[in-house]
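Some notes on the structure that comes next.
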Amino acid sequence: MLAAEFTVEMALFITGNPEAGQILSLMTRQNAFITPLPDGVSFRFHHMMKECTQRAFAMLSHEKQTDFRNRYGQWYESRGQFLQALAAYNKALNYDAALAVIQKDAGILLASLSPEKVLAFLDACPTEILKNRPLDLRFSFCSDDVSPQIRNSGCRTGSYE
């Protein structure tokens, strides 16, 4: 999982490497498959570098991958980019954080997702987490669409009561 575009600030946050800025600067000067964008702040990986980086990521331990995915989620969530945050938390299987994003979004951006995708996530979410974070799912679901996981969890959602 890599961002399509990124800044030095994002690279610092995601990697935790205090030298991320210098590394990006060096790679850009050496034409090492990272391109600065016209805004003067953002960068983009060349598709070959992105593929190599994704392969290296896949070789990391599950714990490391989860840590990076959660950092991506935190980065996007803190900037109100809830769809990207939700995708990162889903990949990390961080259901609690994903549900927090759903609540913060209040269905505004999530309305662009297919109901099947949201319901599949809710079905995968452990019942205990759902019980600890009740949701108001009025934003696009009717009683026939409510996830069986939610219906059976005893959670009150306001959408099918």
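Residues whose amide H falls under 5 Å from that of Ser42, counting only those 5 or more places apart or on a different chain, are Leu37, with hydrogens built in the peptide plane.
Looking at the square roots a ≥ b ≥ c of the eigenvalues of the Cα gyration tensor of segment 68-132, which shape do they give, rounded for a/c under 1.5, prolate if a/b is larger than b/c, or oblate? The shape class here is oblate. When Lys and Arg each count +1 and Asp and Glu each count -1, what net charge do the other residues less than 14 Å away from Gly21, Cβ to Cβ, add up to? Around Gly21, the charge tally is -1. Peptides 80-91, 46-57, 64-75, 5-16, ordered by how many other C-beta atoms sit within 10 Å of their residues on average, highest first, read 80-91, 64-75, 5-16, 46-57.
Measuring r between the beta carbons of Lys131 and Phe57 and using R0 = 30 Å, the FRET efficiency lands at 0.35. Packing around the peptides 123-130, 24-31, taken as the average count of other Cβ atoms within 10 Å per residue, puts them in this order, highest first: 123-130, 24-31. Using every pair of distinct Cα positions in segment 1-82, the Kirkwood expression returns a hydrodynamic radius of 13.4 angstrom.
All of the numbers you see were taken from the coordinates with simple rules; none came from a lab. Note that this is a predicted model, so its numbers are computed, not measured. Positions of Cβ are generated from backbone atoms using ideal geometry, with glycine treated the same way; all protein chains shown enter the neighbour counts.
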